[in-house]
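Participant: Below is the structure I would like to discuss, written out as structure tokens.
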Amino acid sequence: MSKTAKTTEAGAQSAKAKKTEKTTVPAVAKALDVIELLAGSPEGLTMNEIVDALERTMGEIYRVVVYLADRGYLFQDKQTNKYSLTLRLFELSHRHDPTERLIQAALPLLEDIAARTVQSCHLGVLNGDQVLVLASVRSPRPAGYAVRTGATFPVEKTSSGHVVLAYSSPEVQDAYIRAQDALPEAELRDRLSTIRANGHEDTPSTMVMGVRNLCVPVFDSSGVVATITCGFIEQADTPATAEESLTIIRTAALELSKSLGFISQEDNQTTAGT
């Protein structure tokens, strides 16, 4: 894609964002527009090019760009007068490890799920051809099924792996399906399609008899990042049915997703109507 095309595309995305976002803090909105535009313009843009791409006036953009440069987020080449992003955002993003942030945000929600359903639950991520359990919380009952934190399982044996794949790109799905010999391609694609349609997976565990996997995806601003899975076991006096437990898990997964920057369709619709 040419530089002009990238600039046009970034400008169109920013223009669309302006129409749908809540502009209660317009200065912040303009600053983010500039940052997002320059993120797609590695060679940099002049002040006039930024103004044109964002379809703003010079009066709206000039002070924002100068302020971002003063704060160290932008650098201006004195020979070309072009502005580009510095490594400031990169430095900030690495002050807090994203995996650690995910775990810290997830643990209180996992504890709440376990308390309300009296079932164990865990947070899983895709790690190559394995599912890695980043965090887990046991059932508060004296007996039950639990998955150990740090454990790994083959993707093909887990609901977590298939739920992540269901929301992954077609290229990632195709690569996984090509590598599988045990199951027919049509069966795998149907499973992924069903998960996507339902928004979760509810299926018997392939590894532990009597355990019912209730698995829901977790998203950040870029896409699927993890899953929350409950290994549901029917016991006497269980306070929540499997269906009720699934609702609790879905609510927790959405809350976790929002804390990671995910914007749901409902939030988008609310924003667009504001």
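The values are calculated or read from the model by the stated rules, or taken from the named source; none is laboratory data. What you see is a predicted model; the values in this text were computed from it and never measured. Quick reminder, even Gly has a Cβ in these numbers, built from the backbone with ideal geometry, and neighbours come from all protein chains shown.
Participant: Would you check which residues across the stretch 168-193 are within 30 Å of Glu244 (Cβ to Cβ), in contact with a helix residue (DSSP H, G or I) (Cβ under 8 Å, 6 or more places away or on another chain) and exposed (fewer than 14 other Cβ atoms within 10 Å of the Cβ) and list them?
Facilitator: Correct list: Ser193 only.
Participant: Which ones in the stretch 89-144 are β-branched (Val, Ile, Thr) and in a strand (DSSP E or B)?
Facilitator: Filtering the stretch 89-144 down to residues β-branched (Val, Ile, Thr) leaves 99, 103, 113, 117-118, 125, 131, 133, 137.
Residues satisfying the conditions are Val125, Val131, Val133, Val137.
Participant: Pick from Glu234, Glu243: which is touching a helix residue (DSSP H, G or I) at 6+ places or on another chain (Cβ under 9 Å), surrounded by fewer than 17 Cβ atoms within 10 Å (Cβ to Cβ) and of a type in the set (Asp, Glu)?
Facilitator: Glu234
Participant: If you don't mind, another one. Take the residues in the stretch 1-48 that are assigned to a loop (DSSP other than H, G, I, E, B) and at pLDDT below 90; name whichever of them is surrounded by the most Cβ atoms within 10 Å (Cβ to Cβ).
Facilitator: Selected residue: Glu21.
Participant: Is it the case that Tyr73 is surrounded by 15 or more Cβ atoms within 10 Å (Cβ to Cβ), touching a Lys or Arg at 6+ places or on another chain (Cβ under 7 Å) and not basic (Lys, Arg)?
Facilitator: Details: surrounded by 15 or more Cβ atoms within 10 Å (Cβ to Cβ): yes; touching a Lys or Arg at 6+ places or on another chain (Cβ under 7 Å): yes; not basic (Lys, Arg): yes.
Yes.
Participant: Just to verify a result, which residue in the stretch 49-70, among those that are over 27 Å from Ile263 (Cα atoms) and among the small types (Gly, Ala, Ser), is surrounded by the fewest Cβ atoms within 10 Å (Cβ to Cβ)?
Facilitator: Per the criteria, the residue is Gly59.
Participant: Is it true that some residue in the stretch 152-165 is among the small types (Gly, Ala, Ser) and either loosely packed, with under 13 Cβ neighbours inside 10 Å or outside the structural domain of Ala106 (by TED's automatic domain parsing) (or both)?
Facilitator: no
Participant: For Pro108, which of the numbered conditions (1) over 17 Å from the mean Cα position of the chain (by Cα); (2) within 15 Å of Leu256 (Cα to Cα); (3) crowded, with 16+ Cβ neighbours inside 10 Å fails to hold?
Facilitator: (3)
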